[in-house]
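Remarks on the structure that follows.
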Amino acid sequence: MNVQPLAHPDVSETARSLSGGIGLYVHIPFCETKCPYCDFNTYAGINHLLPPYLTALDREIQVWGATLGHPTVNSVFLGGGTPSMLSPAQIATLLSTIRETFTIAVGAEVTAEVNPDDASVERLSAFREAGVNRISLGVQSLDDGELQKLGRRHGAAEALEALAAIWDAGYTNFSADLMYGLPHQGMDTWRSTVERVIAAGPPHVSAYALTMEEGTPFGKQAADGQLPEQDTDLAADMYWWADDAFARAGLRNYEISNWARQGMASRHNTTYWHNVPYLGVGPGAHSFIGGYRFANMKSPVGYMTKVRLWEALDGVVDVLLREYPGPVADIDPMNARTEMADSVILGLRLAEGVSDLTFRKRFGVGLNEAYGEVIAQNVALGLLRFNGDGPDAVLRLTDLGRFLANEAFVRFLAA
Ligand code: SF4
């Protein structure tokens, strides 16, 4: 087939080029039960679709491998949903498809999200043998009452056993994932959760504030007044108390909601925050590659139907997206302005901030030339600060900005 790629003169070489490798996200949209706060693209009661789903995933991976010219993959993230519902053999097959289709970088980070109720030593060891080398464990809370209200199927004791099992299975790289700002959660239970998680010694922790998402049972209950109004002051106290406790335990905050020991930051998620190319496969998965942002359709059945007949187009991402999009539903061609705003907003999430030199190398202009007025407004509001001068200058969130980051970010989007 004779197809001509579109030129994208306005996006940066970084956005187009795959020479630095990519991050690969694999979505597993299956859950045993649906938690009432969750708005991820996951479904309960469709487990019978798992085998044909894995076949479709295999095909999508191969289509992208050929279309992108088999680039190097620096990190793989099996997320969901509940990837730990897959058997070790299914994970081994999936990872071997990825290995055969892409070039996996030496020492690539391969993460699987795991629910505590799936985390026996035997199962985790088998995942490790299959090629997983990092676990992201959905602890959420170590208070049984809070876990029950969240609709989680595990209790605190199971979560602690899972953390021990991860060590026993030989993992040295894993994250304990927590939530705060929960309905009826008090400072006492949050402190106890944080202290006991720290005592389990994870090299990485994430802590996200609960948000009441529209369309979820929690969102509806909050709108109907059946859940207490969220106390943002208490949530802020929880955040800063945990930040301090993590720091004392050697877990440094490297992203607004993530803390890690030296060298243990999530490489995969850092790909997103550096706004460099990644590919997402599976229904609803997002990608940023070849100068486009795009997302697959959300329906697993629709996705499987479209993928079945999809063919690769060697080396021409834009023609594939434009003319033969298969399961891809939303396509957003990048332009320099949106890529710049994304790079600042995502980069500011990181404690390392956004270096003027790096920004200038990527976009040909400095931060102040691109966003002088917006930066000045945010600095005046105490949300951002510059460290250093000239090419050494680095723009960072202040402590206030870390908690009110979205207020700073919207100004870059509007600029
Ligand atoms: S287990 Fe995770 S992905 Fe599944 S419904 Fe609950 S929060 Fe959502």
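Can you go through Ala285, Ala260 and tell me which one is touching a residue at least 12 places away in the same chain (Cβ under 8 Å), touching a Pro at 6+ places or on another chain (Cβ under 8 Å) and surrounded by 22 or more Cβ atoms within 10 Å (Cβ to Cβ)? Exactly one residue qualifies, and that residue is Ala260.
The set of residues in the range 22-40 that are assigned to a loop (DSSP other than H, G, I, E, B), more than 8 Å from the ligand (Cβ to nearest atom) and either at pLDDT below 95 or closer than 8 Å to Gly80 by Cα (or both) contains only Pro29. Here Glu122, Glu214, Glu146, Glu129 are screened, and the one residue that is under 27 Å from Asp243 (Cα atoms) and of a type in the set (D, E, K, R) is Glu146.
Only residues that are surrounded by fewer than 21 Cβ atoms within 10 Å (Cβ to Cβ) and over 13 Å from Ala408 (Cβ atoms) were counted across the range 367-385, and they come to 4. In this structure, is Phe218 within 14 Å of the ligand (Cβ to nearest atom) and closer than 29 Å to Tyr43 by Cβ? Spelling it out, Phe218 is indeed within 14 Å of the ligand (Cβ to nearest atom) and closer than 29 Å to Tyr43 by Cβ.
When Ser19 is tested against (1) of a type in the set (Gly, Ala, Ser); (2) surrounded by 17 or more Cβ atoms within 10 Å (Cβ to Cβ); (3) away from the ligand (no atom under 16 Å from the Cβ); (4) outside any helix (DSSP H, G or I), only condition (2) is not met. Per the conditions (1) at pLDDT 90 or above; (2) touching a strand residue (DSSP E or B) at 6+ places or on another chain (Cβ under 8 Å); (3) among the acidic types (Asp, Glu), the sole criterion not satisfied by Asp318 is (1).
Of the candidates Glu161, Glu229, the single residue that is more than 24 Å from the chain's Cα centre (by Cα), modelled with pLDDT of 95 or more and over 20 Å from Arg402 (Cα atoms) is Glu161.
Across the range 95-140, the qualifying residues are those that are within 16 Å of the ligand (Cβ to nearest atom) and in a helix (DSSP H, G or I), and the one among them that is surrounded by the most Cβ atoms within 10 Å (Cβ to Cβ) is Pro116. The set of residues in the range 397-408 that are in contact with a Leu (Cβ under 7 Å, 6 or more places away or on another chain) and not aliphatic (A, V, I, L, M) comprises Thr398, Gly401, Glu407. Taking (1) of a type in the set (Gly, Ala, Ser); (2) farther than 30 Å from Arg16 by Cα; (3) within 14 Å of the ligand (Cβ to nearest atom) in turn, Gly79 satisfies each apart from (2). In the range 41-76, the residue that is surrounded by the most Cβ atoms within 10 Å (Cβ to Cβ) out of those that are over 23 Å from Ile22 (Cα atoms) and either of a type in the set (Ser, Thr, Tyr) or away from the ligand (no atom under 16 Å from the Cβ) (or both) is Tyr53.
The values are calculated or read from the model by the stated rules, or taken from the named source; none is laboratory data. A quick note: this is a predicted structure, and the numbers were derived from the prediction, not measured. Note that each Cβ is placed from the backbone with ideal geometry, even for glycine, and that neighbours are counted across all protein chains shown.
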